[in-house]
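The values are calculated or read from the model by the stated rules, or taken from the named source; none is laboratory data. Being a predicted model, the structure only gives us computed values, none of them experimental. Positions of Cβ are backbone-derived with ideal geometry, glycine not excepted, and every protein chain shown enters the neighbour counts. SASA here: full protein model, heavy atoms, side chains in, ligands and nucleic acids out. Shrake-Rupley method; radii C 1.70, N 1.55, O 1.52, S 1.80 Å.
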Amino acid sequence: MIRVGTGYDSHRFAEGRPLILGGITIPHDRGLTGHSDADAVAHALTDAMLGAAAAGDIGRLFPDTDPAHKDADSMQLLAEAHRVVQSMGWTLFQCDVTVIAQAPKLAPHVPAMTMRLAEVLQVLPGQVSVKAKTNEGMGFIGRGEGIAVLAAATLVPLPPRSSPSPSLA
Ligand code: MG
């Protein structure tokens, strides 16, 4: 038995903010605005996992009206969301993330994002896919106003296999 969930997030660029994606601080002249650290990769993936478990969404689990989540480390929220789905008897099997940004170039940072996500989710790097693309200059992403992230996650029942297939490593 498997369950599949999808997630989407977008954030607006602003001056004077660090650009944090997948837990990695990426050099850029602007960062993303938000109540938390605005890590849209972590947010989209959190929603994908929660969606797969039919466990609501990031806004329900971590309301932005709660001062505790001001400037929150979204990778910690991601880890917490994984604990929530694990408490429901599911665990992450694999996930796939697409980051859509006109700038900066994200491909050089994909390996670091992948490693960090795997570490926080306690899975192998081969169970985490991160892809980056531009929006061909179109729309709000193309104009550099912000970025968007799509994510998909597959959950399998706990307990997980003690060692995932070597082909995933
Ligand atoms: Mg968000």
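Compute the accessible area per residue over region 9-138, keeping the other protein chains in place, probe 1.4 Å, unit Å². Counting only protein heavy atoms, the per-residue value for region 9-138 is 45 Å². Relative contact order, whole percent, for region 3-157 stands at 32, derived from Cα pairs under 8 Å and 6 or more residues apart.
Rounded to the nearest whole Hz, the Karplus-based 3J(HN,Hα) values (6.51 cos²θ - 1.76 cosθ + 1.60, θ = phi - 60°) of region 64-75 follow the sequence 6, 7, 8, x, 4, 9, 5, 6, 4, 6, 5, 5, with x at glycine and proline. If I take R0 = 22 Å and measure r between the Cβ atoms of Asp73 and Phe140 in this structure, what FRET efficiency does the formula 1/(1 + (r/R0)^6) give, to the nearest 0.05? After rounding, the FRET efficiency stands at 0.25.
Anyone know which of Ala81, Ala38, Ala132 comes out most mobile in the 10 Å Cα GNM of the chain? Of Ala81, Ala38, Ala132, the Gaussian network model singles out Ala132 as fluctuating most.
At a threshold of 8 angstrom on Cα-Cα distance, excluding pairs fewer than six apart, so keeping six or more, what relative contact order does region 10-59 reach in percent?
30
When you count the other C-beta atoms within 10 angstrom of each residue and take the mean per peptide, 6-16, 86-96 line up highest first as 86-96, 6-16. Sorting 149-157, 120-128 by their mean Cβ neighbour count within 10 Å, with the most densely packed peptide first, gives 149-157, 120-128. Loop-located trypsin sites (Lys or Arg not before Pro) in region 84-165 (DSSP state not H, G, I, E or B) with no more than 10 neighbouring Cβ atoms inside 10 Å: Arg161.
Computed from the C-beta positions of Arg60 and Arg12 and an R0 of 22 Å, the FRET efficiency is 0.50 to the nearest 0.05. From helices alone, the chain scores -8000 deg cm²/dmol at 222 nm; the rule is -39500 (n - 2.57) for each run of n ≥ 4 DSSP H residues, then divide by the residue total.
Ratio of Rg to Rh for region 105-159, alpha carbon only, Kirkwood?
Answer for region 105-159: 1.08.
Ligands, DNA and RNA left out, the 1.4 Å accessible surface of the chain is 56% carbon and sulfur atoms. The H on the amide N of Gln94, modeled in the peptide plane, is under 5 Å from the matching H of Thr154, each at least 5 residues off or on a different chain.
A convex hull fitted to the Cα coordinates of region 3-157 yields 97 cubic angstrom per residue. Region 1-60 and region 75-132 have their alpha-carbon centroids 10 Å apart.
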